[in-house]
Amino acid sequence: EDADAPPPPPPLPPSDLKPTTELDLAALGTGAGGGEEAEASRRAMAILRETEGASAFERGALVKTIRNDFWHQFARALDRGDLSPCSLPPPGGAGMRLFGRAYSSSCGVVLARKKLHLPQDVWCWPAGFFAKTEFSTGRKKSESLDSSSSSFFVADELRRNAVPLEKLERMAIRKEYVHFGETRASTEVAPYNEVLAPVTREAVVAVFARTTRPDHLLLAMAARDLLAVASDTALPLLVLDAGGGADAVEFTADQQAGLLAKLADAKPSFCLRPHADVPPLRHAPGALDAQLVAHGAYGLADDVLHALLRSAPAPARAAR
């Protein structure tokens with residue numbers, strides 16, 4: 001061994017951060033803030049809570065969970081205005097278990113009903129019916145649900161069990177669901193309901209994570225970046241409880257920077273990328289070192305790395 005070689009660095013202290021760690025958002029940073037994203041976040045929260053005023057077509061939100069490997073396809077569906085199954089949540093986003101497992105559909109979007117321009121005969125199914133229209137829809141909004149094409153299928157049972165949007169909203173507020181043909185009220189959370197809506201980029205008012213796990217929060221940030229590419233509007237981030245029991249909360253810009261700082265301190269040796277085919281993280285707030293650690297754990301696109309290094313001060317570029 002070379003006697004002049006510097007000693008090896010000491011081992012890193014054990015970290016309390018694990019891939020499944022549920023983080024305390026309040027400990028990451030303040031929940032208050034200003035700026036365009038903070039204002040957009042307040043508007044999205046107001047839409048989620050909205051139950052009075054205009055008709056059910058002009059108030060409130062729909063939410064949709066997205067499979068972790070489906071974000072790129074979903075972005076294209078937004079551009080086409082495809083029909084896609086969503087859910088109409090109770091006020092505040094609490095009281096309904098959303099579609100899919102949180103580990104495979106870790107994030108989703110909040111859509112303003114007013115901006116969706118829902119038709120009066122929009123197809124809706126109550127909680128507990130499990131229409132599973134995901135497997136029989138996906139056509140452009142210009143195609144009729146009554147199309148005789150064999151490629152578009154709405155079964156007689158689906159038609160018989162459909163309800164008007166106004167009734168679905170009342171059921172969601174009361175946390176009512178259908179069980180073997182009977183309507184029951186839940187004291188805690190109801191299963192997801194379904195609204196077959198033409199989804200568009202204009203209608204997306206927020207991206208949400210379903211837990212506060214670091215990999216789910218990073219995916220929400222990356223999905224926000226993906227959807228913001230063709231939009232001048234800042235998309236805020238929320239957290240909708242995967243168990244359905246708690247109100248939605250904001251995931252502020254200050255907390256996003258706090259997440260990256262926590263990752264920089266922990267220097268995780270495990271992957272924080274929920275799936276190989278997730279969108280890249282493009283805008284990570286905080287110091288350059290913290291950004292590089294987060295990108296290293298989540299995955300780093302070539303163009304993002306080049307942009308980071310070009311924006312770094314000259315000494316930092318030389319050191320790397």
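Say the cut-off is 21 Å between C-alpha atoms; which of Lys64/Lys114; Lys64/Lys115; Lys64/Lys175; Lys115/Lys175 go over it? Provide the component values of the computation, followed by the final result.
On the way: Lys64/Lys114 16 Å; Lys64/Lys115 15 Å; Lys64/Lys175 18 Å; Lys115/Lys175 25 Å.
Table pairs above 21 Å Cα-Cα are Lys115/Lys175.
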Peptide ranges 114-125, 187-198 listed from the most packed, as the mean C-beta count within 10 angstrom indicates: 187-198, 114-125
Tell me whether the range 21-73 comes out rounded, prolate or oblate; compute the Cα gyration tensor, take square roots of the eigenvalues as a ≥ b ≥ c, and use a/c under 1.5 as the rounded threshold. oblate
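Per residue, how much accessible area does the chain show when a 1.4 Å probe rolls over the protein heavy atoms, in square angstrom? Intermediate values should be presented prior to the final figure.
Details: 15880 Å² over 320 residues.
With the other protein chains kept in place, the chain gives 50 Å² per residue.
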Along each principal axis, Cα extent of the range 193-320, largest first, Å: 54, 30, 27
Roughly speaking, what is the centre-to-centre gap between the range 251-300 and the range 42-99 when only Cα atoms are used, to the nearest Å? 26
Ordering Asp265, Asp82, Asp69 from largest to smallest accessible area (1.4 angstrom probe), what's the sequence? Asp265, Asp69, Asp82
Sorted largest first, the C-alpha extents of the chain along its principal axes in whole angstrom are 82, 41, 39
FRET E, pair Ile173, His306, Förster distance 45 Å, beta-carbon r, rounded to 0.05: 0.35
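Inverting the mean 1/r over all pairs of different Cα atoms, compute the Kirkwood radius of the range 1-127 and quote it in Å. Working shown, then result.
On the way: mean 1/r = 0.0539 Å⁻¹.
Kirkwood radius, the range 1-127: 18.5 Å.
Mean residue ellipticity at 222 nm from the helices of the chain, using -39,500 (n - 2.57) per DSSP H segment of n ≥ 4 over the full residue count, to the nearest 500 deg cm²/dmol?
-9500 deg cm²/dmol
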Using DSSP, restrict attention to beta bridges with both residues in the chain and report what percent are antiparallel, rounded to the nearest 5. 85
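The values are calculated or read from the model by the stated rules, or taken from the named source; none is laboratory data. Every value quoted in this text rests on a predicted model; they were computed, and no experiment measured them. Don't worry about glycine lacking a Cβ; one is built from the backbone with ideal geometry, like all the others, and counts go over all protein chains shown. Just the protein is used for accessible areas: all its heavy atoms, side chains included, with ligands, DNA and RNA removed. Shrake-Rupley method; radii C 1.70, N 1.55, O 1.52, S 1.80 Å.
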